[in-house]
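S.K.: I am attaching a structure below and will ask some questions about it afterwards.
The values are calculated or read from the model by the stated rules, or taken from the named source; none is laboratory data. Only a predicted model underlies this, so the values are computations on that prediction, with no experimental measurement involved. FYI the Cβ positions are ideal-geometry reconstructions off the backbone, even for glycines, and counts take in every protein chain you see.
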Amino acid sequence: MSRSQRAGGTAPRQVLRDQVGYPIGLGDAPDAPERLFVSGSLPAPDAPRVAIVGARAASANGMDAARTLAAELAGQGAVIVSGGAIGIDAAAHRGALDAGGRTVAVLANGIDAPYPARNRPLFEAIRSQGGALVSPFLPGTPPRRWQFVRRNRIIAAWADAVVVVEAESASGALYTARAALEFGRALGARPGTPGCEALIAQGAAVVETAADLQEALSGRPRRPDVAVPEPDSDLGMVLAALDRESARSEDELTARTGLGARAVSRALMGLELEGLAVPLPGRAYVRSGLANELLAT
């Protein structure tokens with residue numbers, strides 16, 4: 001008996017990049033894998049696909065939100081793509097299953113021993129309900145850190161849109177978000193956690209419902225309800241002194257505005273909380289994409 005059979009699955013098959021059935025969106029990516037190992041049933045190559053990703057150490061509220069959003073989207077015919085991890089990923093897969101929809105788990109290791117082991121009942125449910133487990137890695141490959149980054153890029157390339165539901169500032173889900181922007185995919189985030197707030201500040205759409213995502217895909221992304229500060233206020237002066245491309249330090253902003261160092265520091269804190277300024281290493285800041293949009297209106 002093979003290892004995959006002992007694990008309760010069927011022997012995986014290979015789908016090559018130049019074969020019919022290889023996902024269309026993924027195949028368009030320059031670094032798409034030449035072959036995928038598949039266990040289960042792949043969706044039609046042109047089926048609408050939404051990736052829902054986020055933290056492994058997720059809150060109960062975040063997992064509920066991911067499950068609800070996935071169920072709503074799957075009920076409308078979207079295939080839910082995620083990474084099979086505990087936390088937000090697992091909640092997204094379960095939401096799709098709740099709605100009787102299809103979902104795909106992209107793995108960061110060999111498909112013969114899906115990781116994490118605690119999610120194997122979920123993986124079986126995914127396959128039994130017409131979905132699939134997919135991996136670009138040879139059977140027998142153990143999970144390694146760099147493979148999760150590779151997995152995240154595949155998720156982003158496969159999807160029409162990526163939604164990050166919950167993420168800290170250093171979350172691996174942010175790799176998926178960056179890849180989504182690189183591949184020209186729609187990007188949404190649910191407000192409430194540092195990583196998601198940063199994505200929204202940088203231009204990601206606010207997405208809490210299927211309707212929010214549809215608006216984003218239609219070119220009308222929902223933006224946070226933030227007002228531009230008055231030009232002659234401390235916040236307005238510091239915002240005007242920031243640049244979208246070139247990072248500026250607090251000392252440089254103090255010199256440009258003529259405000260005191262304490263006033264500049266307070267203004268930057270306020271702008272960061274509103275998503276109008278993005279902090280960078282070395283106590284430097286840039287103007288956010290959201291701020292640029294608001295100033296242009």
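S.K.: Do you know which of the residues in the stretch 208-227 that are in contact (Cβ under 8 Å) with a residue 40 or more places away in the chain and closer than 19 Å to Ala157 by Cα is surrounded by the most Cβ atoms within 10 Å (Cβ to Cβ)?
M.R.: Here the residue is Leu213.
S.K.: Residue by residue through the stretch 126-145, note down the ones that are farther than 16 Å from Ala92 by Cα and basic (Lys, Arg).
M.R.: The answer is Arg144, Arg145.
S.K.: Check Leu253, Leu242, Leu259 and return the single one that is closer than 18 Å to Leu295 by Cα, of a type outside the set (S, T, N, Q) and not assigned by TED's automatic domain parsing to the domain that holds Ala57.
M.R.: Just one listed residue meets the conditions, Leu242.
S.K.: Let me ask something else. Filter the stretch 193-245 for residues that are farther than 27 Å from Ala255 by Cβ, of a type in the set (D, E, K, R) and in a loop (DSSP other than H, G, I, E, B) and give the result.
M.R.: Passing the criteria: Glu208, Arg220, Arg222, Arg223, Asp225.
S.K.: Please go through the stretch 187-214 and pick out each residue that is at pLDDT below 95 and not hydrophobic (A, V, I, L, M, F, W, C).
M.R.: Pro191, Gly192, Thr193, Pro194, Gly195, Glu197, Gln202, Gly203
S.K.: Applying the selection to the stretch 262-272, what residues are of a type outside the set (Val, Ile, Thr), buried (at least 22 other Cβ atoms within 10 Å of the Cβ) and farther than 17 Å from Gly192 by Cα?
M.R.: Ala267, Leu268
S.K.: Here's a follow-up. List the helices (runs of 4 or more DSSP H) inside the stretch 71-184, counting only whole elements, that have at least 3 residues being farther than 20 Å from Asp212 by Cβ and more than 14 Å from the chain's Cα centre (by Cα). Explain how you work it out, then say what you get.
M.R.: Details: elements: 88-98, 120-128, 145-158, 173-182.
It comes to 88-98, 120-128, 145-158.
S.K.: Evaluate the following for Gly275: is it on the phi > 0 side of the Ramachandran plot and either buried (at least 16 other Cβ atoms within 10 Å of the Cβ) or of a type in the set (Lys, Arg) (or both)?
M.R.: Answer is yes for this residue.
S.K.: Restricting the search to the stretch 175-190, which residues are more than 9 Å from Val162 (Cα to Cα) and touching a Gly at 6+ places or on another chain (Cβ under 9 Å)?
M.R.: Within the stretch 175-190, Leu181, Phe183, Arg190 meet the criteria.
S.K.: Search the stretch 271-297 for residues being in contact (Cβ under 8 Å) with a residue 60 or more places away in the chain and in a loop (DSSP other than H, G, I, E, B), and hand back the single one that is farthest from Gly188 (Cα to Cα).
M.R.: Leu276
S.K.: Considering only the stretch 120-158, state which residues are surrounded by fewer than 20 Cβ atoms within 10 Å (Cβ to Cβ) and either among the polar types (S, T, N, Q) or touching a Phe, Trp or Tyr at 6+ places or on another chain (Cβ under 6 Å) (or both).
M.R.: Ser128, Gln129, Thr141, Pro143, Gln147, Val149
S.K.: Of all residues in the stretch 25-75, which are polar (S, T, N, Q) and either over 26 Å from Thr193 (Cβ atoms) or surrounded by 14 or more Cβ atoms within 10 Å (Cβ to Cβ) (or both)?
M.R.: If the condition is that a residue be polar (S, T, N, Q) and either over 26 Å from Thr193 (Cβ atoms) or surrounded by 14 or more Cβ atoms within 10 Å (Cβ to Cβ) (or both), then Ser39, Ser41, Ser59, Thr68 are the ones that fit.
S.K.: Inside the stretch 96-119, can you point out the residues that are surrounded by 16 or more Cβ atoms within 10 Å (Cβ to Cβ) and hydrophobic (A, V, I, L, M, F, W, C)?
M.R.: Ala96, Leu97, Ala99, Val104, Ala105, Val106, Leu107, Ala108, Ile111, Ala113
S.K.: Continuing with the same structure: Among the residues of the stretch 130-156, count how many are modelled with pLDDT of 95 or more and in contact with a helix residue (DSSP H, G or I) (Cβ under 6 Å, 6 or more places away or on another chain).
M.R.: The qualifying residues number 5.
S.K.: Of (1) within 22 Å of Ser169 (Cβ to Cβ); (2) more than 28 Å from the chain's Cα centre (by Cα), Arg256 satisfies all except one. Which?
M.R.: Result: Arg256 fails condition (1) only.
S.K.: Here's a follow-up. Suppose we filter Leu259, Leu253, Leu268 for residues that are modelled with pLDDT of 85 or more and part of a loop (DSSP other than H, G, I, E, B); which single one remains? Reasoning before the result, please.
M.R.: On the way: Leu253 fails: part of a loop (DSSP other than H, G, I, E, B); Leu268 fails: part of a loop (DSSP other than H, G, I, E, B).
Criteria check complete, one pass: Leu259.
S.K.: Within the stretch 233-243, is even one residue modelled with pLDDT under 90, surrounded by fewer than 19 Cβ atoms within 10 Å (Cβ to Cβ) and more than 12 Å from the chain's Cα centre (by Cα)? Step through it out loud before you land on a result.
M.R.: From the stretch 233-243, those modelled with pLDDT under 90 are none; that's our starting set.
Among the residues of the stretch 233-243, not one is modelled with pLDDT under 90, surrounded by fewer than 19 Cβ atoms within 10 Å (Cβ to Cβ) and more than 12 Å from the chain's Cα centre (by Cα), which makes the answer no.
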